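Colleague: Before anything else, here's the structure in question.
What follows draws every value from the coordinates through simple rules; no lab data is involved. None of the values given here were measured: they were computed from a predicted structure. As a convention, Cβ positions derive from the backbone with ideal geometry for all residues, glycine included, and neighbour counts pool all protein chains shown.
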Amino acid sequence: ETGVTQSPTHLIKTRGQQVTLRCSSQSGHNTVSWYQQALGQGPQFIFQYYREEENGRGNFPPRFSGLQFPNYSSELNVNALELDDSALYLCASSLGPMDYTFGSGTRLTVV
Amino acid sequence: QKEVEQDPGPLSVPEGAIVSLNCTYSNSAFQYFMWYRQYSRKGPELLMYTYSSGNKEDGRFTAQVDKSSKYISLFIRDSQPSDSATYLCAMSVWSYGGSQGNLIFGKGTKLSVKP
């Protein structure tokens, strides 16, 4: 049984660019959630996907968007990058309320 | 007032000490309470979870939830240098068919256990 895999592990983008982050969920998990973790802060909920549909969203602007695929993998897209978007982006897959499994994250730096 | 409050520390203790980590919260609808451990440059790893009030013990770790006071705790006995990490509390409301309980995290407490 594999865990949650995220790619890439690091990337650097310029302000105004667009970025796509990818996540492969743990086997059997049908729900994927994305979190943003700024330095020294706890993770903040961006949105959640269940069976390919958005199933809840946190306080993030529409330039943060996502997709979930039939194999439950997911993408997070961020348009018009801002300096404040620099953070660790975490993907978590789950099947119920207690079994969130997090990936190691993608560290995004916007310059 | 933030939904979940957690003292960020840092907290430094000698090896073998008992560590007490705490969070308070304001949303009385929270049902699930979790503690995650996060090592530097890694994702959070689930340590313990509790549904509603009560205590739960797992080896050197004990989690307590007091819903009447909106207060949760994690105790680590016989702390080891390998316990040095950031500890995050998290809580959620979860219902079948609805938004599947997104986690609300505290800021995290950075713990250092000195040999």
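Colleague: Cross-chain or 8 or more residues apart, Cα under 23 Å: how many lysine pairs in the protein assembly as shown fit that? Count them up, please.
Modeller: Number of lysine pairs found: 15.
Colleague: Roughly what % antiparallel, to the nearest 5, for the DSSP beta bridges in chain B?
Modeller: The antiparallel fraction comes to roughly 90 percent.
Colleague: Which whole-number percent gives the relative contact order of chain B, counting Cα pairs below 8 Å spaced six or more residues apart?
Modeller: It rounds to 36 percent for chain B.
Colleague: Pop the C-beta distance of B:Asp78 and A:Arg107 into the FRET formula with R0 = 41 Å and round what comes out to the nearest 0.05.
Modeller: So the FRET efficiency works out to roughly 0.75.
Colleague: Here's something else I'd like to know. Pop out the ³J(HN,Hα) list for region B:109-115 in order, Karplus 6.51 cos²θ - 1.76 cosθ + 1.60 with θ = phi - 60°, rounded to Hz; leave Gly and Pro as x.
Modeller: Calculated HN-Hα couplings, in order: 10, 7, 10, 10, 10, 8, x Hz.
Colleague: Which residues does a label at A:Leu95 reach in region A:1-44, if reach means a backbone N under 13 Å from a point 7 Å past the Cα toward the Cβ?
Modeller: Counting backbone N atoms under 13 Å from the label point, the list is A:1-2, A:26-31.
Colleague: Given a 10 angstrom Cα cut-off, can you work out which residue in B:Ile18, B:Ile72, B:Ile104 is the most mobile in a GNM of chain B?
Modeller: B:Ile18
Colleague: Out of A:Val111, B:Trp94, B:Gln80, whose Cα points farthest toward the positive end of the dipole of the protein assembly as shown (charges: +1 Lys, Arg; -1 Asp, Glu; placed on Cβ)?
Modeller: The residue sitting most towards the positive pole is A:Val111.
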